[in-house]
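S.K.: Structure below; questions to follow.
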Amino acid sequence: MNDKLAINKKPVSESYKYFMVFLCMLTQAIPYGIAQLIQPLFVHPLVNTFHFTLASYTLIFTFGAIVGSLVSPLVGKALPKVNFKIMYLIGIALSAGAYFIFGISTKLPGFYLAGIVCMVGSTFYSGQGVPWVINHWFPSKGRGVALGIAFCGGSIGEIFLQPLTQGILKKYMVGNAKTGYLTSMMPFFIFGIALLIVGLIIAAFIRIPRKSEILTPVVAKKTQASSTHEFQGWSSEQVLKMKWFWIFSIGFLIFGLGMASLNEDYAAFLDTKLSLTQVGLIGSVFGMAGIIGNVSGGYLFDRLGIAKAMAYAGTMLVISILLMIFISVHPYGANINYIAGMGYAITSGLSVFSYMSGPAFMTKSLFGAKAQGVNLGYVSLAYAIGFAVGAPLFGVIKGMFNFTVAWCFTVCFVSVGFILLIIASLRIKQLQKNLIADTSVK
C-alpha cells in the first residue's frame with residue numbers, strides 16, 4: 001500500500017528544488033539584508049540627528065538579538081502547525097512595519113521597539129524560515145551545499161545594499177556619514193516599502209514540499225529508502241535532558257563571545273592601523289570570501305561531516321584572530337598590516353558557514369527532524385547570549401588593557417567554543433547511531 005502511494009506521488013525536479021534555494025538566497029539578500037545588515041549604517045546619522053549617545057543607541061542590536069532569540073524556539077514550534085507562507089508573511093510584515101516605526105520615532109524607546117520588532121520579524125523568514133525550507137527540500141543529500149548557497153545571499157546583499165544605502169542616506173543628509181545628520185526620515189520608509197514588496201513577491205512562490213510530491217524519483221525500493229531516509233531523532237523535551245546538548249549549546253555560547261568582537265570590532269580596530277580606503281577594501285574581500293565560504297562550507301558539511309568541517313572552520317577563525325594580534329603590535333600604516341588584514345578577510349570569510357548555515361545544518365543532523373525548529377531556536381538562543389555578552393566584554397577588556405590582550409581573549413573563546421562543539425557533535429552522533437541500531441533491532 002505504501003509503495004503504491006509513493007508511486008502515485010509526483011517527483012520534483014532538481015531545478016525546482018534549486019529554485020527554492022534561490023528564493024531563500026533572495027530572502028537573505030534583500031528582506032534580511034534590509035532588516036539587519038544595513039541597520040548599522042543608520043547609527044551615526046541617527047545619533048547625530050537626535051543627540052543620542054552612541055552606547056545608548058547601539059543597545060538596539062543587543063535588545064533585538066536577545067528578544068529575537070527568545071522568540072525563535074516559539075517560531076520553530078509553530079512552523080509545523082501553521083502554513084509556512086503565513087509565517088513568512090508575518091515576518092515580512094513585522095520587519096517592514098519596524099522600518100515605519102523607525103521613520104516616525106524620535107526617542108530611544110521607539111527605536112528600541114523598532115529594532116526588536118525588526119529582529120523578531122526576520123526570525124520568521126530568515127533565522128527559522130530559510131532552514132525550514134531548505135531542510136524540507138533537501139532532507140539528506142545536498143543539504144549542506146543548499147544551506148550554504150541560501151545563506152550566502154546575505155553577503156551578496158551587502159555588496160549592493162551597502163552602497164545603495166549610503167547613496168540614499170547622502171540624499172537626505174547634511175554632512176558626512178560620521179558627523180552628518182538627517183534632514184528627513186524618508187530613507188526608512190523607502191527601505192520599508194522595498195522590504196515589503198520584495199517579501200510579498202518571494203512569498204508568492206516560496207513553499208515546502210506538498211504531501212503529493214516526492215523529492216527523489218521512485219526507481220528501486222532499496223534505492224528510494226536509502227535516498228529519502230530522514231533521521232527523526234528526539235523531541236525537544238528529550239533533547240533538553242541530554243547532557244551533550246547542553247555542552248553543544250555552551251560551545252555555541254562561548255563561540256558567540258568571540259564572534260561578537262570579530263563582527264562588531266574588527267573595522268574599528270583596523271581603523272587604528274590602516275587608512276579608511278584600505279579598511280574598505282578588506283571589508284570587500286571579506287564579503288567575497290564569505291560567499292565562497294558559505295558554499296564551500298556547505299560542501300564540506302556534506303562530504304566530511306560536522307566534526308571535520310567545524311575543525312576546518314575553527315582553524316580558519318583562529319588564524320584570522322592571530323593575524324589581528326599580529327596587526328595589533330605593529331604601528332599605524334605599516335605595509336605588513338595591509339597584507340595581514342587581507343589574510344584576515346580571507347580566512348575569516350572562509351569560516352562564515354560555521355555560524356551562518358552551521359547551526360541549521362548541525363541541529364537537524366545531530367538531533368533529527370522531529371523538533372528541528374525548536375532545537376534550532378535553543379541553539380540560536382545560546383549563540384545570541386554569547387554574542388550579546390561578547391561585544392561589551394571585548395570593550396571592557398580593551399579598556400582595561402589594550403587591543404592585543406582583547407584579541408588574545410577572543411582566540412581563547414573561539415578555540416574553547418569549537419573544541420566543545422566538535423566533542424559534543426561526535427558524542428551526539430554516537431548516541432544517534434545507538435538509537436538507530438536499537439530501532440532497527442526492534
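S.K.: Determine the relative contact order of the chain: mean sequence separation of Cα pairs under 8 Å and six or more apart, normalised by residue count, in whole percent.
M.R.: 25 percent
S.K.: Roll a 1.4 Å probe over the protein heavy atoms and report the accessible area of His44 in Å², nearest 10.
M.R.: Only protein atoms counted, so the area is about 60 Å².
S.K.: Something else: Given a 1.4 Å probe and every protein chain left where it sits, what share in percent of the accessible area of the stretch 283-425 is carbon and sulfur?
M.R.: 77 percent
S.K.: Relative contact order for the stretch 127-207: what is it in percent, counting Cα pairs under 8 Å that are at least 6 residues apart?
M.R.: 16 percent
S.K.: Under 5 Å between amide hydrogens, which residues at least 5 positions from Glu213 or on another chain qualify, with H placed 1.01 Å from N in the peptide plane?
M.R.: Long-range HN contacts for Glu213: Lys10.
S.K.: Ok, one more. Just to verify a number: FRET efficiency for Leu74 and Val389, C-beta to C-beta distance, R0 = 30 Å, to 0.05?
M.R.: Plugging the Cβ-Cβ distance into 1/(1 + (r/R0)^6) gives 0.85.
S.K.: Can you work out the Karplus-derived ³J(HN,Hα) for every residue in the stretch 328-340? Use 6.51 cos²θ - 1.76 cosθ + 1.60 with θ = phi - 60°, whole Hz, and x for glycine or proline.
M.R.: Per-residue couplings from phi come out as 5, 9, 10, x, 4, x, 4, 4, 5, 5, 5, 5, 5 Hz.
S.K.: Using a/c under 1.5 as the rounded threshold, could you call the stretch 317-375 rounded, prolate or oblate? The axes a ≥ b ≥ c are square roots of the C-alpha gyration tensor eigenvalues, and prolate needs a/b larger than b/c, oblate otherwise.
M.R.: prolate
S.K.: Continuing with the same structure: Name the long-range amide H neighbours of Tyr181: under 5 Å, sequence gap of 5 or more, or other chain; modelled H, no Pro or chain starts.
M.R.: Distant-sequence amide H within range of Tyr181: Val174.
S.K.: For the stretch 269-411, what is the Kirkwood estimate of the hydrodynamic radius, computed as the reciprocal of the mean inverse distance between distinct Cα atoms, to one decimal in Å?
M.R.: 16.5 Å
S.K.: Against the longest alpha carbon principal axis of the chain, how many degrees, from 0 to 90 and to the nearest 10, is the axis of helix 59-78 turned?
M.R.: Taking the Cα atoms of the chain, the angle to 59-78 is about 10 degrees.
S.K.: Another question about this same structure. Could you pull out the GluC sites (Glu not before Pro) across the stretch 229-276 that fall in loop regions by DSSP (anything but H, G, I, E, B) with no more than 15 other Cβ atoms inside 10 Å?
M.R.: Hits after loop and neighbour filter: Glu230.
S.K.: In nm, give the distance between the simple-model label positions of Ile247 and Phe50, each being 7 Å from the Cα along the Cα-to-Cβ direction.
M.R.: So the label points at Ile247 and Phe50 sit 4.6 nm apart.
The values are calculated or read from the model by the stated rules, or taken from the named source; none is laboratory data. Nothing here was measured: the structure is a model prediction, and the numbers come from that model. Quick reminder, even Gly has a Cβ in these numbers, built from the backbone with ideal geometry, and neighbours come from all protein chains shown. Each accessible area value is taken on the protein alone, full model and side chains, heavy atoms only, with ligands, DNA and RNA left out. Shrake-Rupley method; radii C 1.70, N 1.55, O 1.52, S 1.80 Å.
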